[in-house]
Amino acid sequence: MIISKTMERIFAPILLFAYNRPDHLKKCVNSLLANTLAKESDLMVFSDAARTVADRERVGQVRNYLRTITGFRHITIVERTENWGLAKSIIDGVTKTLEQYDRVIVVEDDLILAPYFLQFMNDALEVYKDEDRVGHIQACDFTNNPSLPETFLIKWTGSWGWATWRRAWKHFNPNGQELLDELKRRNLTRQFDFNGRYGYTQMLSRQIEGRNDSWAIRWNASLFLKDILSLNVGRSLVKNTGFDGSGTNCGGGGLYDCTLWTAPIHVERITPPAENLEARHAFERYYHQTNSVWAKAVRRLKRTLKGDFGA
């Protein structure tokens, strides 16, 4: 196993998942290369195979571009020979990488990363490496709430620019039905849904029914049921550009727009590790404002007027 180090400092490998969006991918990679730690980090790219004949050309463009990338310590490209879909690809990629490394940073091809994204992720992974109650690092904040502290602990996992350790990933349960049954048995569905403000339980039910293929809802539920926290940021180091109709299940509307924070975020260990209840209430208010029937109707109307007919 090759471990990337500078002055005995271990830097986590970056796992990048790509499909058929070469323009998004180039922007993502360029933003990673703007990070000072890029040249000290290993990049592992997982390129999914085309699902349809129509996707073959763009998948080919993605793979041609991947072979031109330089600027990282070491680059590994995994080209799937069949279409796995994002969930299977991420679960497999994270699981197998954590057999060799004890930590990973995970990004998808539609993310733009701030210049200090890698620094924050590696600092947080190091500071909390032995804290079993923290199992996830999340570097995206879409609430745009200035009252949130720079870092805080919350019982929820975001999936846009995240990191974890081998010790935490062992809790991942891919069986959505088992997770849902336990949430119901322990009467935790309302808490899981931010006091009923967002339908995470419904999202899990739809995954079980095959109506979505979300790995993230299962990861969220897995850690939630173990009472394991996520370290989140109140200043976003990640911007998701996939809500332009180009991705699976990604409609428009600007719901998750955010401004990238371009300064360093200092990581101090929060002790004792406990959920920041004010932050949780802030998320509840955000979901109440954005997930109501009225808010959804207004967003749909605005998208329609702009000619955006995404979901």
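Things worth noting here:
- Dipole of the chain, positive end: most advanced residue of PRO273, GLN207, LEU86 [Cβ charges, Cα centre]: GLN207
- Placing R0 at 25 angstrom, the Cβ-Cβ distance between SER147 and LYS226 gives a FRET efficiency of 0.30 after rounding to 0.05.
- The gain in end-to-end length when the ASP102 to ALA274 segment is fully stretched comes to 59.6 nm, 0.36 nm per residue minus the alpha carbon separation.
- Each residue, VAL53 and ARG206, gets one label point 7 Å from its Cα in the Cβ direction; the gap between the two is 3.1 nm.
- For the pair ASN173 and HIS288 in one chain, pulling the backbone fully straight at 0.36 nm per residue adds 38.5 nm over the alpha carbon distance.
- Contour minus Cα-Cα distance for ILE10 and THR95 (0.36 nm per residue): 28.7 nm
- For region 16-28, backbone phi angles converted through the Karplus equation (6.51, -1.76, 1.60; θ = phi - 60°) give residue-by-residue couplings of 10, 10, 10, 9, 10, 10, x, 5, 4, 4, 4, 5, 4 Hz, Gly and Pro being listed as x.
- Heavy atoms of the protein chains alone define the surface here; on that basis region 69-133 has 41 Å² accessible area per residue at 1.4 Å probe size.
- Longest DSSP-loop-exposure-free segment, trypsin sites (Lys or Arg not before Pro), the chain, at most 11 other Cβ within 10 Å: 68-169
- When a 1.4 Å probe is rolled over the protein heavy atoms, the share of accessible surface on the chain that falls to carbon and sulfur comes to 50 percent.
- Links that overshoot a 22 Å alpha carbon limit, given the list LYS170/LYS226; LYS129/LYS155; LYS129/LYS226; LYS26/LYS170; LYS26/LYS239: LYS26/LYS170
- Computed E for THR81/ARG186 - FRET, C-beta separation, R0 51 angstrom, nearest 0.05: 0.75
- Taking every DSSP bridge with both residues inside the chain, close to 45 percent are antiparallel.
- Once the Kirkwood radius over Cα pairs is known for the chain, the Stokes-Einstein relation at 10 °C and 1.306 mPa s delivers a diffusion coefficient of 79 µm²/s.
- Using C-alpha pairs below 8 Å separated by at least 6 residues, the relative contact order for the chain is 20 percent.
- Counting every pair of alpha carbons in region 141-260, the share spaced more than 18 Å apart comes to 57 percent.
- Percent breakdown of C-alpha pair distances by 10 Å bin, ordered from the shortest bin, for region 62-176: 10, 41, 36, 13, 1
- Average Cα contact separation per residue, region 176-222, under 8 Å, 6 or more apart, as relative contact order %: 42 percent
The values are calculated or read from the model by the stated rules, or taken from the named source; none is laboratory data. All values derive from a computational prediction rather than experimental measurement. For neighbour counting, all protein chains shown are included, and Cβ atoms are generated from backbone atoms with ideal geometry for every residue, glycine included. Keep in mind that these areas ignore ligands, DNA and RNA; they rest on the heavy atoms of the full protein, side chains included. Shrake-Rupley method; radii C 1.70, N 1.55, O 1.52, S 1.80 Å.
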